[in-house]
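To start, the structure itself, in structure tokens.
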Amino acid sequence: METVKIRARAWGNSVGLVIPKEIAEKEGIKPGKEVEILITKKTNVLKETFGTMKFKKSAQEMKDELRKELYD
């Protein structure tokens, strides 16, 4: 089993995925051969996490405390 990141491309009214030649050769994939693909969406971890964590203090209060510790 091989893991590779590829970019989906427009293919008529569909979306196509092109398997790099090296991977196809290594895995023995030839035209007409049936393959199974596991699809996982690339995500932005920071975007998912932002706003989900709850703090007792606001961001401004935390920045003010940090500045006070660093500069006083």
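Taken together, the values in this text are just the output of simple stated rules run on the coordinates, not laboratory data. None of these values were measured; they are calculated from a predicted model. Here the Cβ is made from the backbone with ideal geometry for all residues, glycine too, and neighbour counts use every protein chain on show.
When the alpha carbon coordinates of the chain are projected onto the principal axes, the ranges are 69, 29, 18 Å, largest first. Computed extension length for residue 64-residue 34: 4.8 nm, one decimal, from 0.36 nm per residue of separation with the Cα-Cα distance subtracted.
Restrict the search to the chain; then list the chymotrypsin sites (Phe, Trp or Tyr not before Pro) that DSSP places in a loop and that have at most 15 other Cβ atoms within 10 Å of their Cβ.
Values: sites: 11, 50, 55, 71; in loops: 50, 55.
Listed in order of number, the matching sites are 50, 55.
So which lysines can residue 42 reach, going by Cα to Cα under 19 Å and dropping same-chain residues fewer than 8 places off? Reachable lysines: 5. For the chain, adding -39500 (n - 2.57) for each run of n ≥ 4 DSSP H residues and dividing by the number of residues yields -9500 deg cm²/dmol at 222 nm. Annotation note: GluC sites (Glu not before Pro) in segment 14-50 located in DSSP loop regions with a Cβ neighbour count of at most 15 within 10 Å are 34, 36.
Any idea what the dipole of the chain comes to, in debye rounded to 20, about its Cα centre with Lys/Arg Cβ at +1 and Asp/Glu Cβ at -1?
Details: 16 positive and 12 negative charges, 49 e Å.
The calculation lands at about 240 debye.
When you filter the trypsin sites (Lys or Arg not before Pro) in the chain for DSSP loop state and at most 14 other Cβ atoms inside 10 Å of their Cβ, you are left with 5, 7, 33, 41, 42, 54, 56, 57.
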